[in-house]
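Structure first, commentary second.
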Amino acid sequence: MANKGPSYGMSREVQSKIEKKYDEELEERLVEWIVVQCGPDVGRPDRGRLGFQVWLKNGVILSKLVNSLYPDGSKPVKVPENPPSMVFKQMEQVAQFLKAAEDYGVTKTDMFQTVDLFEGKDLAAVQRTLMALGSLAVTKNDGHYRGDPNWFMKYVATRAPCTLSLALCMQWEVAWANPLVRGIWGSR
């Protein structure tokens, strides 16, 4: 990958808006869930955006996470014994996680792109994918989720099925609970 210098003008503004979407409190919750779900051998990242990125960047922890949501004997991602050191192998490991997450039920609109994580372009998208994965695990209630179920919103289709992504549907459900929003939009 080519080194990229600093961005200026509109590019810098767009990147700044993307970076503001990153939630450090959500990072703590996601780290806690990953450690509980995968076990203490995954370690913990340094606090902050860069620590979170470095911790997940090679794809091994993400692969262990998605594998932990499946029963023994049907793990969708092969996890290497030694973490990959070559860039293309790391990106391939992340891509395998993304494929397994999609097969698990995470919608394409809730998925991050490999470069979002690998180059730190949009770590909020990485958080969004992990939130969708956790919410699906809680909703499936198949015995493979570990951790506090209150860490994630359980997706319940109480109204007409939502055609938006899971994350947007959950945001709508939260907003709909607000009487002010219901008053503005009326009844569905």
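The values are calculated or read from the model by the stated rules, or taken from the named source; none is laboratory data. Just so it is clear, the structure is predicted and the values come from calculations on it, not from any experiment. In this analysis, Cβ positions are derived from the backbone assuming ideal geometry, glycine residues included, and neighbour counts consider all displayed protein chains. For accessibility, only protein heavy atoms count, side chains too; no ligands or nucleic acids. Shrake-Rupley method; radii C 1.70, N 1.55, O 1.52, S 1.80 Å.
Would you pick out the residues in segment 29-85 that are assigned to a helix (DSSP H, G or I), in contact (Cβ under 8 Å) with a residue 60 or more places away in the chain and open to solvent by 50 Å² or more (accessible area, probe 1.4 Å)?
Passing the criteria: 29, 32, 36, 49, 50.
Out of the residues in segment 37-87 that are among the acidic types (Asp, Glu) and under 19 Å from residue 146 (Cβ atoms), which is modelled with the highest pLDDT? Quick ask: steps written out before the conclusion?
Going residue by residue through segment 37-87, those that are among the acidic types (Asp, Glu) are 41, 46, 72, 81.
Those left that are additionally under 19 Å from residue 146 (Cβ atoms): 41, 72.
On the way: 41: 94, 72: 89.
So the residue we want is 41.
Considering only residues that are farther than 22 Å from residue 95 by Cα and open to solvent by 30 Å² or more (accessible area, probe 1.4 Å), which ones fall in segment 127-144?
Step one: list which residues in segment 127-144 are farther than 22 Å from residue 95 by Cα, which gives 138-144.
Hits for segment 127-144 are 139, 140, 141, 142, 143, 144.
Going residue by residue through segment 111-126, is there one that turns out to be open to solvent by 20 Å² or more (accessible area, probe 1.4 Å), in a helix (DSSP H, G or I), among the acidic types (Asp, Glu) and at pLDDT 95 or above?
No: segment 111-126 contains no residue that is open to solvent by 20 Å² or more (accessible area, probe 1.4 Å), in a helix (DSSP H, G or I), among the acidic types (Asp, Glu) and at pLDDT 95 or above.
Looking at (1) open to solvent by less than 60 Å² (accessible area, probe 1.4 Å); (2) assigned to a helix (DSSP H, G or I); (3) more than 23 Å from residue 119 (Cβ to Cβ), find the lone condition where residue 91 falls short.
Looking at each condition in turn, residue 91 falls short on (3).
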